[in-house]
Amino acid sequence: KWGGVPKELLPQETYQFKSEGNPIITHKYTADPAAIVVDKTLWLYAGHDFAGGQRGYKMKDWCVFSTKDMQNWTEHPTPLDITDFSWAKSGDAYAGHVIEKNGKYYWYISTNWSGIGVAVADNPQGPFKDALGKPLLTNEDCFASTHSWACIDPAIFTDEDGQSWIFWGNRECYYAKLKDNMIEIDGDIKQINFKDFDFTEAPWVHQYKGKYYLSYASGFPEKIAYAMADNIEGPYEYKGILNEIAGNSNTNHQAIVDFKGKTYFIYHNGAIQTDGSSYSRSVCIEKLEYNKNGTIKPIQMTTK
Ligand code: FUB
């Protein structure tokens, strides 16, 4: 159906590598990172750009990597690909986000035109299986949208009270509560309304010292901006640009995660593309630091 790499050619075995700097993964193109920490291991989930996409993204499967020290990495067998979602007619393995709840791992994924789906696994490396057999969210749920690719880029945040929320969108940022089963929307879908925002896509919510942080890709080419609030539903106050345009990539897509006493900002750039397009991206990792007043210092992009 997808005319990409045959399933049997997707990695079936683990692959070990060491990262010496950015991009951290150089044996394949990776994009749209999301990360979680389970015990003493950081799990990194990413989309997979196929080289040579001169006329757009070629993304058919997702990847999973793990590390205990941010230097020595393992790539695990392909945990999920777009053919695992029979309803995903558009067949583009766009950005996703994995989260643990009640001992299970849920991977929320974008398909570009067909909506957002959710897959589930018993462990962080998968394999993951479509949990619903249909989309969790579709373009019809993006009530303010005037275009057909608004239903992308899910980001999940579980608050201290145990309530999980899903944020997503392109041009407009939507959010909703998830039921405890993580595969149903609970109540109304709402929109983040904010005046100083130039929201393009890639929302990510995290918390630090009681404040909520909503980071997102802004403008085009994209920079990562962020806003802060006292409540998960806002109002969010714009705080500035966190990450400038990342070299050779029109898109920018961030994950923010605490691991072993440090906070990391994970994103992608186009540093090692060789096809002259913006469609062969690579995941990079930087340290993220807060100011005393809770604002975030601008990210310094490094190669070492
Ligand atoms: O990788 C495909 C799309 O590009 C993602 O869904 C967006 O966030 C942007 O990175």
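The values are calculated or read from the model by the stated rules, or taken from the named source; none is laboratory data. Quick caveat, the model's predicted, so the values are computed rather than measured. When we count neighbours, we look across all protein chains shown, and the Cβ atoms used for this are built from the backbone with ideal geometry, even at glycine.
Before moving on, here are some points about what is shown:
- Of all the numbered requirements in (1) surrounded by fewer than 23 Cβ atoms within 10 Å (Cβ to Cβ); (2) at pLDDT 95 or above; (3) farther than 24 Å from THR251 by Cβ; (4) not small (Gly, Ala, Ser), ILE24 misses one, and that requirement is (3).
- Residue within the range 174-196 that is touching a strand residue (DSSP E or B) at 6+ places or on another chain (Cβ under 9 Å), part of a loop (DSSP other than H, G, I, E, B) and crowded, with 19+ Cβ neighbours inside 10 Å present: yes
- Whichever residue in the range 252-287 is among the polar types (S, T, N, Q) and touching a Leu at 6+ places or on another chain (Cβ under 8 Å) and, among such residues, is surrounded by the most Cβ atoms within 10 Å (Cβ to Cβ): GLN254
- Residue-level check: of (1) aromatic (Phe, Trp, Tyr); (2) modelled with pLDDT of 95 or more; (3) in contact with a helix residue (DSSP H, G or I) (Cβ under 9 Å, 6 or more places away or on another chain), TYR108 misses just (3).
- Residue within the range 20-37 that is assigned to a strand (DSSP E or B), within 26 Å of PHE167 (Cα to Cα) and in contact with a Pro (Cβ under 6 Å, 6 or more places away or on another chain) present: no
- Within the range 197-208, at least one residue is over 26 Å from ASN293 (Cβ atoms) and either free of Cβ contacts under 8 Å to residues at least 24 places away in the same chain or of a type in the set (Val, Ile, Thr) (or both).
- Matching residues, the range 87-102, being away from the ligand (no atom under 16 Å from the Cβ), assigned to a strand (DSSP E or B) and not charged (D, E, K, R): ILE99
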